[in-house]
1. Test B:PRO200 against the criterion of being within 19 Å of B:THR78 (Cα to Cα) and surrounded by fewer than 20 Cβ atoms within 10 Å (Cβ to Cβ), and give yes or no.
2. Go through (1) modelled with pLDDT of 95 or more; (2) touching a Phe, Trp or Tyr at 6+ places or on another chain (Cβ under 8 Å) one by one and return the number of the condition A:ASP193 breaks.
3. Can you name every residue in region B:139-177 that is part of a helix (DSSP H, G or I) and surrounded by fewer than 22 Cβ atoms within 10 Å (Cβ to Cβ)?
4. Answer yes or no as to whether A:SER114 is out of contact with any Ser or Thr (no Cβ under 6 Å at 6 or more places or on another chain) and surrounded by fewer than 18 Cβ atoms within 10 Å (Cβ to Cβ).
5. For region B:47-58, indicate whether the set of residues that are surrounded by fewer than 20 Cβ atoms within 10 Å (Cβ to Cβ), in a helix (DSSP H, G or I) and of a type in the set (A, V, I, L, M, F, W, C) is non-empty.
6. For region B:25-46, which residues satisfy the criterion of being at pLDDT 90 or above, of a type in the set (A, V, I, L, M), over 12 Å from A:GLU39 (Cα atoms) and assigned to a helix (DSSP H, G or I)?
7. Going through region A:178-214 one residue at a time, which ones are assigned to a loop (DSSP other than H, G, I, E, B) and either of a type in the set (A, V, I, L, M, F, W, C) or away from chain B (no Cβ under 14 Å) (or both)?
8. What is the residue count in region B:59-69 for residues that are surrounded by fewer than 21 Cβ atoms within 10 Å (Cβ to Cβ) and part of a helix (DSSP H, G or I)?
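The values are calculated or read from the model by the stated rules, or taken from the named source; none is laboratory data. Here the structure is a predicted model, which is why all the values come from computation and not from measurement. When we count neighbours, we look across all protein chains shown, and the Cβ atoms used for this are built from the backbone with ideal geometry, even at glycine.
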2 protein chains.
Amino acid sequence: MIPRDHPRYTSLVTREHLADYARLGIVSWEGLIAHGRGEAFDYLLGEKTSESARRSAQTAAALLRTASHPVISVNGNTAALAAPLIAHLQKVSGALVEVNLFHRTPDRVRQIESLLQSAGAAVFSGEAERLLPLSHDRAFCRRDGMYAADVVLVPLEDGDRCGVLAAMGKKVIAIDLNPLSRTSNMATLTVVDEVTRALPVIADACSSLTDEECGDLVAKLDNKVFLKEARNEMKARLCHALD
Amino acid sequence: MIPRDHPRYTSLVTREHLADYARLGIVSWEGLIAHGRGEAFDYLLGEKTSESARRSAQTAAALLRTASHPVISVNGNTAALAAPLIAHLQKVSGALVEVNLFHRTPDRVRQIESLLQSAGAAVFSGEAERLLPLSHDRAFCRRDGMYAADVVLVPLEDGDRCGVLAAMGKKVIAIDLNPLSRTSNMATLTVVDEVTRALPVIADACSSLTDEECGDLVAKLDNKVFLKEARNEMKARLCHALD
């Protein structure tokens with residue numbers, strides 16, 4: 001039991017929460033290590049949503065709002081951390097929610113789909129096919145789901161898959177705490193923020209943006225600027241700590 | 001099987017090794033996440049021992065050498081990553097080795113003690129009492145062990161416990177990859193380096209330093225300078241990435 005007065009209470013509770021889901025098989029061992037790496041980058045970001053991250057999240061909402069076939073791709077870590085937030089974003093964005101796993105087993109897919117459904121999401125399920133040009137099980141997706149999407153939101157994605165989706169001509173929105181990662185640099189738009197902070201900002205903007213504002217945000221999109229601002233945030237924190 | 005020529009060979013082998021120990025119950029799931037976090041900071045440090053880290057490790061040796069009752073506190077990750085290195089450091093420093101866990105169960109304590117013993121360490125065991133003013137199980141230690149220590153080496157420690165030990169008047173040596181952490185900033189001395197690189201440097205210096213050199217290093221100890229140098233290493237790496 002983690003004491004409420006521990007200064008790292010939230011971070012420790014999140015770790016316990018992920019460990020519980022690892023015991024259930026929903027979060028993979030690699031997912032736990034990856035979460036740790038994300039924590040470190042979040043630490044350098046001050047564990048808060050920067051102004052730049054807020055604008056990139058609003059731009060993400062604009063991309064979802066202006067899409068004709070938006071899909072939210074969910075993996076084990078995202079489901080464990082944010083199932084209710086995914087359900088809410090689905091409601092306000094009208095996107096399909098589809099489970100795609102790196103460490104794919106039929107059992108894990110079923111467990112994660114059922115976790116999302118319990119949180120209120122309508123999961124786009126059915127037969128997955130090996131449709132993406134990738135040598136591992138991330139190649140699996142549904143023909144009428146992600147394969148047909150024009151905009152795909154991929155929280156916590158791996159670089160290979162992000163690159164393949166972008167090469168297929170899709171607009172890829174990544175949520176990634178590491179602004180130096182291959183995913184961050186291959187996505188159409190990267191929200192450099194922690195997933196449970198980013199998703200509500202995206203959802204709020206889906207509800208509040210006018211059509212004109214959506215068009216403006218999409219027209220102005222420059223991911224290199226968002227990534228540079230994120231790296232500057234980290235650098236400033238390190239410089240500040242130096243003084 | 002990880003190919004020897006993989007650019008991330010060492011890192012991947014270490015992860016597999018930790019996973020094996022997680023399956024045995026020696027490393028906690030939370031410990032895996034903490035390892036991921038360390039990986040990210042080590043990446044920013046270039047995964048090598050800086051000159052500054054080498055000097056702080058030598059100063060750690062000087063503190064151990066000049067102590068009257070030095071104790072090395074070992075947790076699950078430290079035992080899994082470095083049991084033989086702990087055993088060697090014990091031989092050259094004459095310190096007690098005591099197991100202290102955040103996620104404490106009698107079984108885990110026994111497993112970790114037995115891992116250390118197999119590696120050649122003499123483990124200071126016996127009845128642990130709730131002696132430190134902390135609200136969780138890290139409060140447990142032995143009256144004639146850590147409670148009576150004047151110098152405590154705490155590889156991979158949490159901030160609370162580091163602060164409490166320092167407040168009890170002990171000299172606390174932390175090994176911590178995050179130079180911004182509470183542990184790093186509350187310790188008497190922080191070695192900002194990966195634990196399996198830091199421990200041999202400390203052990204070598206325990207053997208080679210003269211008494212006069214030990215006295216000089218202790219007299220000159222300024223942890224703020226070591227932390228600043230570590231942050232400068234990271235900053236340089238991030239600035240480089242920016243250009």
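1. Yes: the conditions hold for B:PRO200.
2. Result: A:ASP193 fails condition (2) only.
3. Across region B:139-177, the qualifying residues are B:ALA139, B:TYR147, B:ALA148, B:GLY159, B:GLY163, B:VAL164, B:ALA166, B:ALA167.
4. Yes, satisfied.
5. For region B:47-58, residues surrounded by fewer than 20 Cβ atoms within 10 Å (Cβ to Cβ), in a helix (DSSP H, G or I) and of a type in the set (A, V, I, L, M, F, W, C): absent.
6. B:LEU32
7. A:LEU180, A:ALA187, A:THR188, A:VAL192, A:ASP193, A:LEU209, A:THR210
8. 0
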